[in-house]
Amino acid sequence: MDSSRRYLLISPCRDEAKYLRRTLESVSAQSIPPALWVVVDDGSTDETPAILEEYERRLPYLKVVRRVDRGRRQVGPGVVDAFYAGLEAVRLEDFDYLCKLDMDLDLPVQYFELLMQRMESDPRIGTTSGKPWYVHPQSGALVPEICGDEMSVGMSKFYRVSCFKEIGGFVRQVMWDGIDCHRARMLGWIAESRDLEAIRFIHLRPMGSSEKGIWTGRLRHGFGQYFMGTSPVYYLAVAVYRLPAYPMLVGSVAMLWGYLRSALRRLPRYDDHEFRNFLRSYQHSCLRLGKANATARVNAERGWIWRANHADVEDMQNAGKAHRVGG
């Protein structure tokens, strides 16, 4: 394996026996295997431990960390806690890339190789991913999940280790997978996902449907946006845009009620005023300019921050280009 392509996978999981084998097989078939894959069994009560034990014997890079049963599946902070239980078992400095990977995915064979190629082509890309698709519960067709190009998706967050460290890792609360990308952008990194056929993957469990169903998932999303500091005007626009998405109308109503209920209760918010001001300014630009244009503008405006902190990286890349031209 190329020494600059050492990637670490950390996979929190609980009671994933239904999907586990497909994820394990799709990672084992990767064109470039992980240097290490830490799967954190977060107190599973189904066949998950037995399946993991079987694959731990087969895959030399697979390491299973087992946690005690805490009584139920817990998304948001529970997932991040399990992720950190895996991270604490390794030396992050030994790797170039880090991926938080869910255990209900079916990945294409070149998935990680192509992500690393993309990041090698642009040193400012701090986090990236492909796009998730899923089987529609009514039509049976394979359809894309709704996720913006300006975010790496939560079930497959592929990071440069240097970027992950700079943003301070993941916040232990719902919307950790939005805060991370916005904080990366605030620091001049590029956060993205791309819908290229070669890196599309199948999400075996529809987004937001875990734990107690889609209604609860959308309520949780509303709370998460409130916690993160999302502008109410912007979130209303998002809910209107998502009205036709499954489940039609109900999903948007649940999102808005989750946000409004959190505001009425005056629940705690992410305690970083600079971040929240940056986020709302970016979201309002999205409403005025469109998300693609607003993202391109903020990436251009904040490039100087990245360059100030990574002049050595840019110098090395420019030297490499000059050498290739001269050769």
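Things to note:
- Within the span defined as the stretch 211-221, one or more residues are closer than 30 Å to Ser44 by Cα, surrounded by fewer than 16 Cβ atoms within 10 Å (Cβ to Cβ), in contact (Cβ under 8 Å) with a residue 24 or more places away in the chain and in contact with a Lys or Arg (Cβ under 8 Å, 6 or more places away or on another chain).
- For Ser3, the conditions (1) modelled with pLDDT under 95; (2) over 13 Å from Met116 (Cβ atoms); (3) loosely packed, with under 15 Cβ neighbours inside 10 Å are fulfilled apart from (2).
- Residue count for the stretch 66-95, restricted to those that are among the β-branched types (Val, Ile, Thr) and either at pLDDT below 90 or part of a loop (DSSP other than H, G, I, E, B) (or both): 3
- Residue in the stretch 107-118 that is at positive phi and either assigned to a strand (DSSP E or B) or not aliphatic (A, V, I, L, M) (or both) present: no
- Residue within the stretch 130-144 that is polar (S, T, N, Q) and under 27 Å from Tyr270 (Cβ atoms) present: no
- Unique match (being closer than 21 Å to Val153 by Cβ and not aromatic (Phe, Trp, Tyr)) among Leu196, Leu243: Leu196
- Residue, modelled with the lowest pLDDT, within the stretch 206-252, restricted to residues that are charged (D, E, K, R) and part of a loop (DSSP other than H, G, I, E, B): Glu211
- Hits in the stretch 254-278 (condition: touching a Phe, Trp or Tyr at 6+ places or on another chain (Cβ under 9 Å) and either assigned to a helix (DSSP H, G or I) or of a type in the set (Lys, Arg) (or both)): Ala254, Met255, Leu256, Gly258, Tyr259, Leu260, Arg261, Ser262, Ala263, Arg269, Arg276
- Looking only at the stretch 32-65, residues that are in contact (Cβ under 8 Å) with a residue 60 or more places away in the chain, crowded, with 21+ Cβ neighbours inside 10 Å and part of a loop (DSSP other than H, G, I, E, B) come to 1 in all.
The values are calculated or read from the model by the stated rules, or taken from the named source; none is laboratory data. Just so it is clear, the structure is predicted and the values come from calculations on it, not from any experiment. Virtual Cβ from ideal backbone geometry, glycine too; neighbours counted across all protein chains shown.
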